[in-house]
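The values are calculated or read from the model by the stated rules, or taken from the named source; none is laboratory data. Since the model is a prediction, treat every value here as computed from it, not as a measurement. Methodologically, a virtual Cβ is constructed for each residue, glycine included, from the backbone with ideal geometry; neighbour enumeration extends over all protein chains shown. Heads up: the accessible areas ignore ligands, DNA and RNA and are worked out on the full protein's heavy atoms, side chains in. Shrake-Rupley method; radii C 1.70, N 1.55, O 1.52, S 1.80 Å.
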Amino acid sequence: MERHLQKELESLKKYILSLGAMVEERVRKVIKAFETRDADTAGEVVNSDWEVDEFEVAVEEECLKILALHQPVAVDLRFICAVIKINNDLERIGDEAVNIAERVAYISKRPSIKIPVDYGVMAEKTEHMLKQSLDSLVNLDAGLANKVRLADDEVDDIHVENYDKVKVAIRVQPERVGSLINLLQISRHLERIADHATNIAEEVIYMVEGVIHRHKKNGYQSDSSEED
Amino acid sequence: MDSSIKMAVNDLDFFYADFQALHRILLKFTSNQVTALIGPSGCGKSTLLRCLNRMNDLIPYSRVKGQVLLEGRNIYDPNVDVVTLRRHIGMVFQKPNPFPKSVFENVAYGLRVNGMRDRSMITERVEKSLKQAALWEEVKDRIHESALGLSGGQQQRLCIARALAVEPEIVLMDEPCSALDPIATQKIEELIHQLKEKYTIVIVTHNMQQAARVSDVTAFFYLGKLIEVDETKKIFTRPSLKETSDYITGRFG
């Protein structure tokens with residue numbers, strides 16, 4: 001019976017990692033669509049969001065099944081609780097990708113505009129955080145997860161800067177306020193993706209260490225690994 | 001000594017002839033708490049439980065080293081009277097073992113052995129014990145019928161009532177639900193929750209979910225050693241030691 005539980009947990013891990021890969025791919029795709037003003041690709045992201053939604057429901061049902069049938073404890077219980085929350089974060093990241101896609105569709109249909117902010121750095125950092133959070137999940141690496149937590153502040157700061165820059169740009173080109181607000185929204189959605197990646201990283205730390213680090217800014221101290 | 005510590009096991013070794021079943025056990029039982037002893041078969045948990053009211057005295061070639069202190073007094077002192085000791089420390093066994101007597105007489109038995117003669121006092125104590133054991137409502141109309149006519153779950157609660165009748169301070173339970181169905185098990189578990197208001201309880205169980213449900217503190221034993229003891233909620237969410245984690249998650253061996 002115990003071996004059966006281990007098999008179920010292994011298959012659940014594969015499941016959540018597949019969802020992670022699926023969501024990561026969508027974020028990559030929508031960022032590319034934004035860079036190239038590609039409304040078609042953005043449309044694909046919007047129209048296929050149901051795949052993420054269905055996957056999320058399937059993962060949750062799997063978690064509930066294991067909880068009901070095996071009553072796992074200790075590290076196994078922490079794993080399932082973490083997967084339930086990570087599952088939710090991944091689905092929300094999928095939604096944020098859709099939100100960005102809708103903004104891209106709006107902007108693409110209008111005359112091009114001089115972008116007051118550099119989205120390249122922000123998008124790259126966000127994508128990197130998401131990738132690292134998923135890598136920390138694959139390898140149960142609390143140290144890597146902590147790097148994601150620390151990187152979140154950088155993305156938050158960029159978003160604040162973007163807000164100020166867009167405000168100035170609206171004064172300069174008030175006739176383009178629609179596009180500029182949409183640009184600001186994209187900054188907001190990227191920042192939210194980074195937040196969800198941070199949540200995932202915090203869940204990984206909980207899974208590994210058994211300690212909840214949420215709401216503690218930079219308070220994480222690993223028991224087992226040295227800071228580098 | 002900390003007044004909340006009802007009983008303390010101090011460097012206890014136990015031997016069955018040449019075989020050492022317990023190695024320097026150090027463990028404290030807090031008043032009005034339920035302590036669960038868990039571990040695989042042969043880990044020493046039942047042996048320890050039986051050391052707590054000297055049930056192992058009867059085993060030939062066995063010997064004990066170290067102390068078991070009941071409120072500071074070593075129960076292995078030569079001048080301790082074992083019968084009196086067991087009035088303070090009651091025990092409930094794996095299989096319900098009522099005497100082939102009436103329900104009433106089962107509960108009254110210990111009182112009579114301890115010299116109680118006043119009939120109304122006995123009647124009062126029997127009713128109180130059956131109520132404490134959550135059995136009164138089910139047996140009050142057939143209190144003078146044979147206890148062997150009760151269901152397994154009722155028989156086990158009768159044994160608990162029998163243990164409570166002499167007003168012990170500590171109740172030891174050796175897998176009290178292993179012969180019971182889930183509904184009877186649930187009733188005993190509920191009862192354990194209620195009983196800890198008055199008693200200090202030590203329970204041996206093979207059912208880890210039961211340990212998780214009923215106890216405040218869990219002690220994990222392996223190969224005659226106490227590996228880890230901590231609050232139950234900690235043991236079952238983040239045990240400190242890998243051995244404990246491997247056992248409770250079923251990764252053992």
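Here's a check for you: in the stretch B:233-253, which residue that is in contact with a Lys or Arg (Cβ under 9 Å, 6 or more places away or on another chain) and under 23 Å from A:Val211 (Cβ atoms) is farthest from the other protein chains (Cβ to nearest Cβ)? Among residues in the stretch B:233-253 that are in contact with a Lys or Arg (Cβ under 9 Å, 6 or more places away or on another chain) and under 23 Å from A:Val211 (Cβ atoms), the one farthest from the other protein chains (Cβ to nearest Cβ) is B:Ser240.
Is it true that B:Ile183 is open to solvent by 80 Å² or more (accessible area, probe 1.4 Å) and in contact with a Gly (Cβ under 8 Å, 6 or more places away or on another chain)? Walk me through it before giving the result.
Numbers: open to solvent by 80 Å² or more (accessible area, probe 1.4 Å): yes; in contact with a Gly (Cβ under 8 Å, 6 or more places away or on another chain): yes.
Yes: the conditions hold for B:Ile183.
Looking only at residues in the stretch A:199-216 that are in a helix (DSSP H, G or I) and of a type in the set (Val, Ile, Thr), which one is farthest from the other protein chains (Cβ to nearest Cβ)?
Here is the first cut: in the stretch A:199-216, the residues in a helix (DSSP H, G or I) are A:199-209.
Okay, now just the ones that are also of a type in the set (Val, Ile, Thr), so A:200, A:204-205, A:208.
On the way: A:Ile200: 20, A:Val204: 15, A:Ile205: 13, A:Val208: 10 Å.
Across the stretch A:199-216, the extreme among qualifying residues is A:Ile200.
Within the stretch A:53-89, the residues that satisfy the criterion of being under 19 Å from A:Val211 (Cβ atoms), within 14 Å of chain B (Cβ to nearest Cβ) and open to solvent by 30 Å² or more (accessible area, probe 1.4 Å) are A:Val75, A:Leu77, A:Cys81. Test A:Glu227 against the criterion of being modelled with pLDDT of 90 or more, out of contact with any helix residue (DSSP H, G or I) (no Cβ under 6 Å at 6 or more places or on another chain) and open to solvent by 30 Å² or more (accessible area, probe 1.4 Å), and give yes or no. Answer is no for this residue.
No other residue among B:Gln194, B:Gln132, B:Gln186, B:Gln154 is without any contact (Cβ under 8 Å) to a residue 40 or more places away in the chain, more than 13 Å from the chain's Cα centre (by Cα) and under 30 Å from B:Val229 (Cα atoms) apart from B:Gln186. As a summary of the residue check, B:Phe104 satisfies the conditions (1) farther than 30 Å from B:Asp141 by Cα; (2) outside any strand (DSSP E or B) except for the one numbered (1).
Closer than 22 Å to B:Asp13 by Cα, surrounded by fewer than 19 Cβ atoms within 10 Å (Cβ to Cβ), within 14 Å of chain A (Cβ to nearest Cβ) and not small (Gly, Ala, Ser): is that true of B:Asp230 in this structure? Walk me through how you get there before you give the answer.
Values: closer than 22 Å to B:Asp13 by Cα: yes; surrounded by fewer than 19 Cβ atoms within 10 Å (Cβ to Cβ): yes; within 14 Å of chain A (Cβ to nearest Cβ): yes; not small (Gly, Ala, Ser): yes.
Yes, satisfied.
Here is a yes/no grid of residues against (1) closer than 22 Å to A:Val104 by Cβ; (2) modelled with pLDDT of 95 or more:
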| residue | (1), (2) |
| --- | --- |
| A:Leu137 | no, no |
| A:Leu144 | no, yes |
| A:Ile170 | yes, no |
| A:Gly178 | yes, no |
| A:Arg188 | yes, yes |
| A:Thr198 | no, yes |
| A:Glu209 | no, no |
| A:Arg214 | no, no |
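The residues of the stretch A:99-115 that are of a type outside the set (D, E, K, R), open to solvent by 40 Å² or more (accessible area, probe 1.4 Å) and in contact (Cβ under 8 Å) with a residue 12 or more places away in the chain, listed by number, are A:Asn99, A:Tyr106, A:Ser112, A:Ile115. Tell me whether the stretch A:10-25 contains one or more residues that are within 14 Å of chain B (Cβ to nearest Cβ), out of contact with any Leu (no Cβ under 7 Å at 6 or more places or on another chain) and in a helix (DSSP H, G or I). Looking through the stretch A:10-25, at least one residue is within 14 Å of chain B (Cβ to nearest Cβ), out of contact with any Leu (no Cβ under 7 Å at 6 or more places or on another chain) and in a helix (DSSP H, G or I).
State which residue pairs qualify: first residue closer than 18 Å to B:Val83 by Cβ and inside the stretch B:56-69, second residue in a strand (DSSP E or B) in any location, beta carbons under 6 Å apart, and separation of 6 or more residues or different chains. Pairs found: B:Asn56/B:Ser62; B:Val68/B:Val9.
Of the numbered criteria (1) in contact with a helix residue (DSSP H, G or I) (Cβ under 6 Å, 6 or more places away or on another chain); (2) of a type in the set (Gly, Ala, Ser); (3) under 30 Å from A:Pro174 (Cα atoms), the one A:Ser136 fails is (3).
Selection over the stretch B:148-180 of residues that are buried (at least 23 other Cβ atoms within 10 Å of the Cβ), touching a Ser or Thr at 6+ places or on another chain (Cβ under 7 Å) and within 15 Å of B:Ser129 (Cα to Cα) gives a count of 3.
Regarding B:Thr200, is this residue surrounded by 20 or more Cβ atoms within 10 Å (Cβ to Cβ) and free of Cβ contacts under 8 Å to residues at least 12 places away in the same chain? For B:Thr200, the condition - surrounded by 20 or more Cβ atoms within 10 Å (Cβ to Cβ) and free of Cβ contacts under 8 Å to residues at least 12 places away in the same chain - is not met. Within the stretch B:117-136, the residues that satisfy the criterion of being open to solvent by 30 Å² or more (accessible area, probe 1.4 Å) and either under 22 Å from B:Tyr199 (Cα atoms) or β-branched (Val, Ile, Thr) (or both) are B:Met121, B:Thr123, B:Glu124, B:Arg125, B:Glu127, B:Lys128, B:Lys131, B:Gln132, B:Ala134, B:Trp136.
Of the residues that make up the stretch B:215-223, is at least one more than 17 Å from the chain's Cα centre (by Cα), open to solvent by 20 Å² or more (accessible area, probe 1.4 Å) and away from every other protein chain (no Cβ under 14 Å)?
Filtering the stretch B:215-223 down to residues more than 17 Å from the chain's Cα centre (by Cα) leaves B:222-223.
When the remaining residues are screened for being open to solvent by 20 Å² or more (accessible area, probe 1.4 Å), the result is B:222-223.
Then keep just the ones that are away from every other protein chain (no Cβ under 14 Å); that gives B:222-223.
The answer is yes; a qualifying residue exists.
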